[in-house]
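All remarks here apply to the structure that follows.
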């Protein structure tokens, strides 16, 4: 059975990053259920149990672990809306994440505050229609 409140899962490398992201999300939608996770084999089971609408993934995890997790989650949960945060804002890395299933990609150093707008957009799209197409809207940096 699906939760009546939107569920947002935040996967971050540090408690500090998780709290920062959580503070942004709470400011957008104070009734959302927010869960913290780490990238572990059990996390896929937790995502399955929670059935979140949105996952915010701090991709700066041990080498390629974040990308592999993004690909795995996208393969298992094709309708999950994924927002990626990274310290590597290159066009190549943005494209890798987008091709792996991220709907939004933000540079943690310069675009962090844009996460709130993306969450708001995704929650509105979820409440209006489960079939809305969300497009990648961030400008790419050389």
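Assorted remarks:
- Qualifying residue in region 103-110 (condition: assigned to a loop (DSSP other than H, G, I, E, B) and either crowded, with 17+ Cβ neighbours inside 10 Å or at pLDDT below 90 (or both)): yes
- Matching residues in region 50-95 - criterion: being farther than 15 Å from residue 107 by Cα and touching a residue at least 60 places away in the same chain (Cβ under 8 Å): 53, 54
- Test: residue in region 13-26 that is in contact with a helix residue (DSSP H, G or I) (Cβ under 8 Å, 6 or more places away or on another chain) and modelled with pLDDT under 80: no
- Number of the condition not met by residue 9 [criteria: (1) farther than 20 Å from residue 121 by Cα; (2) modelled with pLDDT of 85 or more; (3) not in a helix (DSSP H, G or I)]: (1)
The values are calculated or read from the model by the stated rules, or taken from the named source; none is laboratory data. Values in this document were obtained by computation on a predicted structure and should not be read as measured data. Don't worry about glycine lacking a Cβ; one is built from the backbone with ideal geometry, like all the others, and counts go over all protein chains shown.
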